[in-house]
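Some notes on the structure that comes next.
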Amino acid sequence: MTPSTPTNPHDYDSFFTVRMRHIEESMTIITAVDQSDWALSVVDEAQTLAAQFGEELHVLHVLTESEAIDLDRRNVRETGKSKGRDGLAHIAADVASSAIDTTSDECHAVGRIGNPPEEIIAYAVDHNARYIVVGGRKRSPVGKVVFGSVTQSVLLNAPCPVLTVGKEITT
């Protein structure tokens, strides 16, 4: 738990000492991935960053509510049973896991359900992220970078620095 800001000016030294110890002890690198082949490249960059800082890497995939509902309906048709939110979050974690090309104790696959930018940011806050790593892509022939709505929302609202991994689109 992060200490609250002191009201007495004499308490600032201990506040900052405790806050810095909290930051130093528990930071993570968070990367958010989709189901594209390019997710492997995003995770590779995040693994490099995590190794440089000696931090754990959490690979996150977020299913939107509509994706979760569609998956659950499909599962009910096929098996007669609902997966439930925990089962669907596990499926999202499996997607994240598929983007990890190595087995490492410092790399964790995580699945969540909800609004992707909000879930990514909430997860980063909950896990004291040092960086968030996301994919961005060039969409125009003149090379103007246009980020997707998830990437743009994370860039604008993240509580920490965001690294975007670019992808060239060949035409």
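The figures follow:
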quantity: Percent carbon-and-sulfur accessible area, the stretch 67-139, ignoring ligands, DNA and RNA, probe 1.4 Å; calculated: 44 percent
quantity: For the stretch 59-69, Karplus couplings with θ = phi - 60° (6.51, -1.76, 1.60), whole Hz, Gly/Pro x; calculated: 9, 10, 10, 10, 7, 5, 4, 5, 4, 5, 5
quantity: For the stretch 68-112, accessible area per residue (1.4 Å probe, heavy atoms of protein chains only), Å²; calculated: 66 Å²
quantity: Gain on full stretching of the segment that runs from SER97 to ALA122 - 0.36 nm per residue minus C-alpha separation; calculated: 7.0 nm
quantity: Distant-in-sequence amide H partners of ILE100 (H built 1.01 Å from N, under 5 Å); calculated: none
quantity: Point-to-point label distance, THR48-CYS160, nm (Cα→Cβ direction, 7 Å offset); calculated: 1.9 nm
quantity: Fully extended contour minus Cα-Cα distance, from ASP70 to GLN35, at 0.36 nm per residue; calculated: 11.0 nm
quantity: Protection proxy ranking of 150-159, 30-39, 127-136 - average other beta-carbon atoms within 10 Å, highest first; calculated: 127-136, 30-39, 150-159
quantity: Phi-based couplings in Hz for the stretch 38-49 (Karplus 6.51, -1.76, 1.60; Gly and Pro marked x); calculated: 5, 4, 4, 5, 5, 5, 4, 5, 5, 5, 4, 5
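The values are calculated or read from the model by the stated rules, or taken from the named source; none is laboratory data. The structure displayed is predicted, hence computed values, not measured ones. Using ideal geometry, Cβ is built from the backbone for each residue, glycine included, and neighbour counts are taken over all protein chains shown. Each accessible area value is taken on the protein alone, full model and side chains, heavy atoms only, with ligands, DNA and RNA left out. Shrake-Rupley method; radii C 1.70, N 1.55, O 1.52, S 1.80 Å.
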